[in-house]
Structures are given as structure tokens and as C-alpha cells.
1. What's the number of the condition S33 fails, among (1) assigned to a strand (DSSP E or B); (2) surrounded by fewer than 18 Cβ atoms within 10 Å (Cβ to Cβ)?
2. Kindly indicate whether E102 is without any contact (Cβ under 8 Å) to a residue 40 or more places away in the chain, acidic (D, E), over 24 Å from I17 (Cβ atoms) and outside any helix (DSSP H, G or I).
3. Restricting to the range 77-113, what's the tally of residues that are among the β-branched types (V, I, T) and under 11 Å from the mean Cα position of the chain (by Cα)?
4. Failed condition for Y54, given (1) aromatic (F, W, Y); (2) at pLDDT below 85; (3) farther than 23 Å from N116 by Cα, with all others met?
5. Kindly evaluate V16 against the criterion of being part of a strand (DSSP E or B), among the aliphatic types (A, V, I, L, M) and crowded, with 17+ Cβ neighbours inside 10 Å.
6. Give the residue that is surrounded by the fewest Cβ atoms within 10 Å (Cβ to Cβ), with candidates limited to residues of the range 44-62 that are more than 14 Å from G103 (Cα to Cα) and without any contact (Cβ under 8 Å) to a residue 40 or more places away in the chain.
7. Within the group G103, G25, which residue is at pLDDT below 90 and under 21 Å from F127 (Cα atoms)?
Amino acid sequence: MDIEIREIKSNDYSEVISLWKNEIGDLNVNAGSFSERFDKMNKDENYKTFIALYEETVVGFIMVVQTMALEYEIGYLKINGLAVQEKYQKKGIGTKLLKHAEGYASVRGLSRLILNSGFKRTEAHDFYESNGFGKLSYCFTKKV
């Protein structure tokens, strides 16, 4: 399976929105607000979204942001979203997206990737662990 990975373009937004809703779950994402957020993120060099294309169709994506933290001298790359269309899962596309993010982190001088994953996404947890990720902590959230 020949997969191309490249940065997202505005004409890819609707396919990524669909993937987000279908594979990650509806997180109050709609086309209008999504496009506005992507436009803002694309202007900030710390944010990147890479898509996986198979036969010119978006079949996966990974969203990352470079961030600072006191415990990591030069910061780290946080994965804010990763999804592969269900019928293309278990074909190496997610791993290819992770490897792309690792390469991107390395080019930026970063040595750590961090992500959060919901408790119920046990298959995703197995996937991350099979790609070298270890469990470090819980993520807590509170709406204010």
C-alpha cells in the first residue's frame, strides 16, 4: 500500500473533520470552527497537521504541537490527534504517521513525543505501546 504523507491543505479540512468525528468521536467539531482553528494553527509554526493519502484520498492524520515544559530542556512534541479511517486500520498507516511525527520532532531538536488517549480507547493504547510509547500519567480536565 503506497501511502503519501504531507502537510494538510485547506481543501483537506472536510476529510479530516470526518475522520475526527468517525474515529475519535464528535468533540464539538464543525466545518466552520474547524477551518478557523486550522487557519490559526497554520500561521503558528509550533502547530503541524500531517495527512496520510492513499490514492488521493485522506485516510489518516496526525496533529502535533511543539510545546515547552520545565522538565524537558527544549520542550516536546505533543500529539493532539491521530486517526486512521477504520477500513485502513492495521495496515501500518498509523505507525507511518507516528514515524513521520518522530522525524519531524528530531528535525526540530526534540527528543520526546507525548499524547493523551481516552480510557475507553484500549485498542489505541495497545497501538501506542506497540510503537514504543509507555504510560506515564493520567490526564485530568476540568471545564471552567
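1. Tallying (1) assigned to a strand (DSSP E or B); (2) surrounded by fewer than 18 Cβ atoms within 10 Å (Cβ to Cβ), S33 fails exactly one: (1).
2. No; evaluated as a whole, the condition is false for this residue.
3. The total comes to 2.
4. Among (1) aromatic (F, W, Y); (2) at pLDDT below 85; (3) farther than 23 Å from N116 by Cα, the lone unmet condition for Y54 is (2).
5. So V16 fails the test.
6. E56
7. G25
The values are calculated or read from the model by the stated rules, or taken from the named source; none is laboratory data. These numbers were taken from a predicted model, which means no experiment stands behind them. No Cβ is skipped: glycine too gets one built from the backbone with ideal geometry, and neighbour counts run over all protein chains shown.
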